[in-house]
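The values are calculated or read from the model by the stated rules, or taken from the named source; none is laboratory data. On a predicted model such as this, the values are computed, not experimentally measured, just so you know. Please note: Cβ atoms are built from the backbone with ideal geometry, for glycine as well, and neighbour counts cover all protein chains shown. Ligands, DNA and RNA are excluded from the accessible area calculation, which covers all protein heavy atoms including side chains. Shrake-Rupley method; radii C 1.70, N 1.55, O 1.52, S 1.80 Å.
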Amino acid sequence: MRTLLAIDRAVTTVQLRRWGLLDAATWLRLPQVTYTVRTRTTQRASGVDLTFVCADADTAGQASRELMHYAGLAEVRQQYDLSKRPGLRWRHIDERRTESKADAEILGPPGDLRPDTVVEFDAGYSTQIVQIKLEAFAVGGYTGMIWATSSLGRARNIHRQFTALEDKGLLQTADIIYVNFWDDGDPYVLSPRNHKAVKLTWSARAT
C-alpha cells in the first residue's frame, strides 16, 4: 500500500476497494480527505463525493483538482501494469502546471533507445488546449503518448485531433483511454447498448 502511494500519491477509496487494498489503507491510518468533484469538469451532472487516500498530510492538503489528477493517473498506471514491462518506470512531472506540461511520463532505462511515453489526464480540456498540449508533447521529443480521459464520449474527439500531428511528422503512436476512479465494480465492461470506445489506438501512417 505504501509502495503504491509512493508512486501514485493519492487514490480514491473506490479504487482501493476494487484493487483489494481498502482494508490495508484503513489499518495503516493513511490520511484521507473527502471532496465533491466533477469527474468531467464541464458537466455538472458528473459531480460525486469522493474520499481520497493520500501518501501523507501534505498531499491530503492539495486542491481537489490535483488529487483527482493523481487518481486518474493511478488508474492509467494500473491499466498498463509496468511491473510486466521490465526497465520502464513511471515519473510524475512536478514542474508548475502549464498548457505545455504533461502530468507524467513512462521512461526507459538510461541509455535505452526505446522512446519515452508522455501521459496526460484530461477531465475536460477545451479543443484549443488539447491541441496545444498535443503539439508541445510531440515537439518535446516524445514519440508515444497515453491520453487518459474521464469521459467515454471524448475518446473519439481526441482521436481526430491527432491527424494534425501526423501532418507534422511528430508523434508515432498514441493510446486514448477511458479511466474511471469513482464507480464500483468494473467500469470498463459496458452494456451492449453502449458503443463508446474504452480505448482507441492511433498510429502515424507509414511514409
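Structure summary
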quantity: When residues of the range 133-152 are limited to those that are open to solvent by less than 40 Å² (accessible area, probe 1.4 Å), in contact with a helix residue (DSSP H, G or I) (Cβ under 8 Å, 6 or more places away or on another chain) and at pLDDT below 85, the one farthest from Glu75 (Cα to Cα); calculated: Ala138
quantity: Pairs, first in a loop (DSSP other than H, G, I, E, B) and open to solvent by less than 40 Å² (accessible area, probe 1.4 Å) in the range 153-171, second among the polar types (S, T, N, Q) and modelled with pLDDT of 65 or more, C-beta under 7 Å, six or more apart; calculated: Leu171/Thr143
quantity: Residue list for the range 1-50, restricted to those being exposed (fewer than 15 other Cβ atoms within 10 Å of the Cβ), touching a residue at least 24 places away in the same chain (Cβ under 8 Å), closer than 28 Å to Ala155 by Cα and of a type in the set (Lys, Arg); calculated: Arg17
quantity: Selected residue (only one of Val118, Val179, Val130 is of a type in the set (Val, Ile, Thr), under 19 Å from the mean Cα position of the chain (by Cα), under 26 Å from Arg17 (Cβ atoms) and modelled with pLDDT of 80 or more); calculated: Val179
quantity: Scope the range 46-62; condition in a helix (DSSP H, G or I) and more than 19 Å from Val14 (Cα to Cα); matching residues; calculated: Ala57, Asp58
quantity: Subset of the range 116-132 [within 15 Å of Thr41 (Cβ to Cβ) and either of a type in the set (D, E, K, R) or in contact with an Asp or Glu (Cβ under 8 Å, 6 or more places away or on another chain) (or both)]; calculated: Glu120, Phe121, Asp122, Ile129, Val130
quantity: Among (1) at pLDDT 95 or above; (2) over 25 Å from Arg154 (Cβ atoms); (3) among the small types (Gly, Ala, Ser), the one test that Gly87 misses; calculated: (1)
quantity: Residue within the range 57-68 that is at negative phi, open to solvent by 70 Å² or more (accessible area, probe 1.4 Å) and touching a Pro at 6+ places or on another chain (Cβ under 7 Å) present; calculated: yes
quantity: Tyr125 at pLDDT below 90 and in contact with a Pro (Cβ under 8 Å, 6 or more places away or on another chain); calculated: no
quantity: Some residue of the range 83-104 being open to solvent by 50 Å² or more (accessible area, probe 1.4 Å) and either part of a helix (DSSP H, G or I) or in contact with a Ser or Thr (Cβ under 8 Å, 6 or more places away or on another chain) (or both); calculated: yes
